[in-house]
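Contents: one structure, followed by commentary.
The values are calculated or read from the model by the stated rules, or taken from the named source; none is laboratory data. Keep in mind that this is a model prediction, so the values were computed, not measured. Backbone-built Cβ (ideal geometry, glycine too); neighbour counts: all protein chains shown. The protein model used for the area step is the full one, side chains on, heavy atoms only, and it has no ligands, DNA or RNA in it. Shrake-Rupley method; radii C 1.70, N 1.55, O 1.52, S 1.80 Å.
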Amino acid sequence: MTGLNNDSQLILALSKGRIFDDTMPLLEAAGIRVLENPETSRKLILPTNDPAVRVIIVRASDVPTYVQYGAADFGVAGKDVLLEHGGEGLYQPIDLNIAACRMSVAVQAGFDYAKAVHQGARLRVATKFVHTAREHFAAKGVHVDLIKLYGSMELAPLVGLSDAIVDLVSTGSTLRANNLVEVEEIMDISSRLVVNQAALKLKRARLQPIIEAFERASQSASQAS
Ligand SMILES: Nc1ncnc2c1ncn2[C@@H]1O[C@H](COP(=O)(O)OP(=O)(O)OP(=O)(O)O)[C@@H](O)[C@H]1O
Ligand SMILES: O=P(O)(O)OC[C@H]1O[C@H](OP(=O)(O)OP(=O)(O)O)[C@H](O)[C@@H]1O
């Protein structure tokens, strides 16, 4: 392919913030150190101590797309993001057990969710995760009008945009701060290593040791916690 990536290079796609931070110890276990901090640098292509390995910084929801098309050889993405993307062209060898949270349905305190669902009226649900939300409510036989948002889902029920939201919850403090309550857990979420299927074949000799180091490091981290 044309561009930055070629047979002698490895490109890893990461998003800034928790995924970048939680991936650093795994990279270090593979002997790779990123030489610039994406929080302070404006660069989107970051060098590492290995001249053949570079990290690109992309939006969390864009990681699978870069890897699918081979612009990055591998990346780290949340299960939430992978379910929305669909996983086409991606090999997903390991659950890294990082960025752990859950995807849940939440409503404003006082809203009778059980009654709304039982009555069979259409529920207005605001979410970034329309694919997963659609499947969840279809499996329950609940009719929903899905409203796609790109962030700050917690606001939607407070201003009458929706009856419910489907969002990620970790400590629950964002829900509490906005007078919302979790009424249903849809699934546990954590981040996965994703690898371009063609790169796995063509660059296996370079990728395999890194995948194995990630696997060992993520297993020992989850045993220690
Ligand atoms: N509160 C949380 N605790 C733990 N993990 C989380 C939490 N929120 C999100 N995650 C996980 O971390 C991943 C990255 O989240 P992050 O907040 O960095 O990106 P985002 O802002 O959701 O994505 P985008 O920039 O594409 O809109 C999510 O896809 C999810 O798997
Ligand atoms: O249960 P909590 O511990 O409060 O975490 C939940 C929040 O975390 C995520 O947002 P994030 O912190 O990533 O902010 P964002 O809006 O920038 O994505 C998620 O969208 C929730 O808003």
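Once all protein chains are placed together, H131 keeps about 80 Å² accessible to a 1.4 angstrom probe. Taking all protein chains together and a 1.4 Å probe, the residues R59, R122, R42, R54 rank R42, R59, R122, R54 from largest to smallest accessible area.
Relative to the 2.2 N^0.38 Å rule of thumb, the range 125-218 has a C-alpha radius of gyration ratio of 1.50. Annotation: the antiparallel percentage among DSSP beta bridges lying fully within the chain is about 65. If you sort I19, I147 by accessible surface, 1.4 Å probe, largest first, the order is I147, I19. In the chain, the longest principal axis of the Cα atoms and the axis of helix 130-140 are about 50 degrees apart.
For K79, the lysines whose Cα comes closer than 16 Å to its Cα, not counting residues fewer than 8 places off in the same chain, are K128.
A viscosity of 0.890 mPa s and a temperature of 25 °C, combined with the Kirkwood radius over C-alpha pairs in the Stokes-Einstein formula, give the range 59-100 a diffusion coefficient of 236 µm²/s. The mean sequence distance of close C-alpha pairs (under 8 Å, at least 6 residues apart), as a share of the length of the range 1-123, puts its relative contact order at 26 percent. Between 0 and 90 degrees, the angle of helix 18-29 with respect to the longest Cα principal axis of the chain falls at about 30 degrees. Net charge in the neighbourhood of A217 (other residues with Cβ under 12 Å of its Cβ; Lys, Arg +1, Asp, Glu -1) is -3. Taking the C-alpha atoms only, the angle from helix 204-224 to the longest principal axis of the chain is near 50 degrees. Highest GNM mean-square fluctuation among Q208, Q68, Q197, for the chain modelled with Cα contacts below 10 Å: Q208. Counted by Cβ distance under 13 Å from A114, the other residues give a net charge of -1, where Lys and Arg count +1 and Asp and Glu count -1.
Summary value for the chain: 27 percent relative contact order, contacts being C-alpha pairs under 8 angstrom separated by 6+ residues.
The accessible area of E212, taken with all protein chains in place and a 1.4 Å probe, comes to roughly 80 Å². Computed over the chain, the per-residue total of -39500 (n - 2.57) for DSSP H runs of n ≥ 4 gives a 222 nm mean residue ellipticity of -10000 deg cm²/dmol, rounded to 500. Quotient of the Cα radius of gyration of the chain and 2.2 N^0.38 Å, N being its number of residues: 1.13. Quick note on the range 51-137: its Rg to Rh ratio, both from C-alpha atoms and Rh being the Kirkwood radius, is 1.11. Using a cut-off of 11 Å between beta-carbons, work out the net charge of the residues near A13 (Lys and Arg +1, Asp and Glu -1, A13 not included). Neighbour charge sum, excluding A13 itself: 0.
Near R124, the amide H atoms lying under 5 Å from its own belong to D145, D163, A164; only residues 5 or more places off or on other chains count, and H is placed 1.01 Å from N. An ellipsoid equivalent to the range 177-225, defined through the eigenvalues of its Cα gyration tensor, has semi-axes of 34, 17, 8 Å when rounded to whole angstrom and sorted largest first. Taking 16 Å as the cut-off, no amide N atom of the range 164-207 comes nearer than this to a point 7 Å along the Cα-to-beta-carbon line of H143. Suppose we look only past 24 Å in the calculated P(r) of the range 62-188. What percent of the Cα-Cα pairs does that tail hold? Pairs farther apart than 24 Å: 32 percent.
Principal semi-axes of the equivalent ellipsoid, √(5λ) from the alpha carbon gyration tensor of the range 14-102, are 21, 14, 13 Å from largest down. Take M187: with every protein chain present and a 1.4 Å probe, its accessible area is about 40 Å².
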